[in-house]
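This report refers to the structure that appears directly beneath it.
Throughout, read-outs are computed from the coordinates displayed, never taken from laboratory work. Keep in mind the model is a prediction, meaning the values are calculated, not measured. Every residue, glycine as well, gets a Cβ built from its backbone with ideal geometry; the counts of neighbours run over all protein chains shown.
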Amino acid sequence: MHPPESKDETSGLAIRQFPFAPVLIVPLVQHLGKPSIAEVREGQEVRRGQRIARADGFMSVSMHAPASGIVRRIGLTPSIGGRMVPGVFLEPFPGSTQEIQGGTPCPLETATRNEIVEAIQDAGIVGLGGAAFPTHVKLKIPEGKSIDTLIINGVECEPFLTTDHRVMLEQREDIFSGIRYLLKVTGAQRAIVGVEANKADAVEHLRAGMPADLPATVEMLTVKYPQGAEKMLISALLGREVPSGGLPLDVHVLCVNVATTAEIGRLLPRGAGIQERVITITGPAVKHKGNYRIPIGTPLRFLLREVGVAEDIDRVFLGGPMMGAAASNLDVSITKGTSGVTAFTDREGRRTHRHVYPCIRCAYCVDACPIFLDPSTLGMLAANDEYARMAEDYNLMDCFECGSCSFVCPSHIPLVQKFRVAKASVRKAKSA
Ligand code: SF4
Ligand code: SF4
């Protein structure tokens, strides 16, 4: 599919530092898995980069203070999904130099594989492309499995977003450093950085700086949506097909987002943790669009006030319009998984709040689905809450929520939204 890219307004803008909000709210649930456990108390002073919450078991990560300041409160805050979750309310010190506190470095040369995995968990690193899956869990290769190729995902096919593009242009050395850690920990013989052809400058930049001793190449890919989905990327780069219900591991591949790779390369040598991330703030309703390095926990309301928005602002997506989620309210905070904020005005909004008509069995959605699911039938089953049947008979859990089916549907049926609900219900039933 070729949805309008809409990247031109920010792709040429260098990353800038975003100011600190008067209060930063760090949710303790920013990743898939168990919430982190706060290890600070109300009234405590903290340093920027200091660990403020520890991982609760393997399927969890640490959290770090996004600013030097004082913990005002530990209480509930709305999550991007709409649930109330525990969070740390931090008031930055106005006069502080905001120097970042590092920890014990994890040296590439001497660290063992397990030590690198632990360091990645301690640094609180999760998939920064939007999935927020704990990276160290991905890197724990089960007994009997092996990886021969590491794929670094620099595709960024989501319309509007230019975060990964700027990271590739501005953090080349961090990416190379991250690839070295990832090669060591996975045992892969080579790495391939996959980048869409609309980022030719990034391809050239990475190729020009590639160290001679790094077994990595940069491959340019056709521009099409959803080229950045792992299964699509593996097929495009290696011609291997991940089986239904399987993982890239089943075809000896591990995929890591390019911004995540850069954070591994940037943080591990300093023993530091994620306390900020790069995001694109864009969309027709935003006045000062750009790519920003923003403190984790910045409230969306403050962010929109800082960049300025049109009076008829109507809908705000955390992420891009295809795979992002519409913000449930303006009190949510920027988390590690927020790759962008895209805001639309009432005018574009009218196109998104369109009347929904019955399915006319045109099969456009079937043609659009890149993994050959039947979104039309899935949509009808979802309307009757037949979630278990969707999973058992129609491979619902293979859907990676690219939104292509919804995009082409002439009846404006919110198919991907229905599939998200259905998948969450199936997951909940399984874990019960
Ligand atoms: S959202 Fe799911 S069902 Fe729809 S096109 Fe994408 S993968 Fe297929
Ligand atoms: S594209 Fe929409 S109307 Fe056409 S078959 Fe799919 S769900 Fe039905």
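Just to confirm my numbers, what's the Cα centroid distance between region 30-78 and region 306-363 in Å?
29
For a test of the definition: using alpha carbon positions, the gyration tensor, and the 1.5 limit on a/c, classify region 113-270 as rounded, prolate or oblate.
Cα axes put region 113-270 in the rounded bin.
Rounded if a/c is under 1.5, else prolate if a/b beats b/c, else oblate: with a ≥ b ≥ c from the C-alpha gyration tensor eigenvalues square-rooted, which is region 183-287?
Since a/c stays below 1.5, the shape of region 183-287 is classed as rounded.
Can you bin region 52-121 into rounded, prolate or oblate? Criterion: square roots of the alpha carbon gyration tensor eigenvalues sorted a ≥ b ≥ c, rounded for a/c under 1.5, prolate for a/b above b/c, oblate for the rest.
Because a/c hits 1.5 or more and a/b fails to exceed b/c, region 52-121 counts as oblate.
Around V223, which amide H atoms from residues at least 5 apart in sequence, or from another chain, sit under 5 Å from its own amide H, with H modelled in the peptide plane?
A197
May I ask what percent, to the nearest 5, of DSSP beta bridges between residues of the chain are antiparallel?
Values: 35 of 58 bridges.
The antiparallel fraction comes to roughly 60 percent.
Have a look at S79, V185, T104 and report the one farthest towards the positive end of the charge dipole of region 70-229, computed about the Cα centre with Cβ charges (Lys/Arg +1, Asp/Glu -1).
Selected residue: S79.
Expressed as cubic angstrom per residue, what is the convex hull volume of the alpha carbon set of region 109-163?
Dividing the Cα hull volume of region 109-163 by its residues yields 128 Å³.
Using the eigenvalues of the Cα gyration tensor, what equivalent ellipsoid semi-axes result for region 257-392 when each is taken as the square root of five times the eigenvalue, whole Å, largest first?
Result for region 257-392: semi-axes of 33, 23, 13 Å.
Normalised by the residues of region 364-431, what does the relative contact order come to in percent, with Cα pairs under 8 Å and at least six apart? Don't skip to the answer; put the middle values down first.
Values: 71 pairs, mean separation 24.1, N = 68.
Value for region 364-431: 35 percent.
For G340, which sequence-distant residues (separation of 5 or more, or a different chain) have an amide H within less than 5 Å of its own amide H, given hydrogens modelled in the peptide plane?
For G340, whose amide H was placed from the backbone, the distant partners under 5 Å are T280, G319.
Across region 212-221, in residue order, what do the Karplus-derived ³J(HN,Hα) couplings come to in whole Hz, using 6.51 cos²θ - 1.76 cosθ + 1.60 with θ = phi - 60° and x for Gly and Pro?
Listing the rounded values in order: 4, 8, 9, x, 9, 10, 10, 10, 8, 10 Hz.
Determine, for each peptide in 25-35, 94-104, the mean count of other beta carbons within 10 angstrom over its residues, then list the peptides with the highest first.
Listed from highest to lowest mean packing, they are 25-35, 94-104.
Under unit Cβ charges (Lys, Arg +1; Asp, Glu -1), what dipole magnitude, rounded to 20 debye, does the chain have relative to its Cα centre?
That gives the chain a dipole magnitude of about 700 debye.
Working from the pairwise distances between different alpha carbons, so that the mean of 1/r is found and then inverted, what is region 313-432's Kirkwood radius in Å?
Across region 313-432, the inverse of the average 1/r is 15.4 Å.
Two decimals, Cα atoms only, Kirkwood Rh: what is Rg/Rh over region 364-431?
So for region 364-431, dividing Rg by the Kirkwood Rh gives 0.94.
What do you get when you divide the Cα radius of gyration of the chain by 2.2 N^0.38 Å, with N the number of residues?
The value comes to 0.95.
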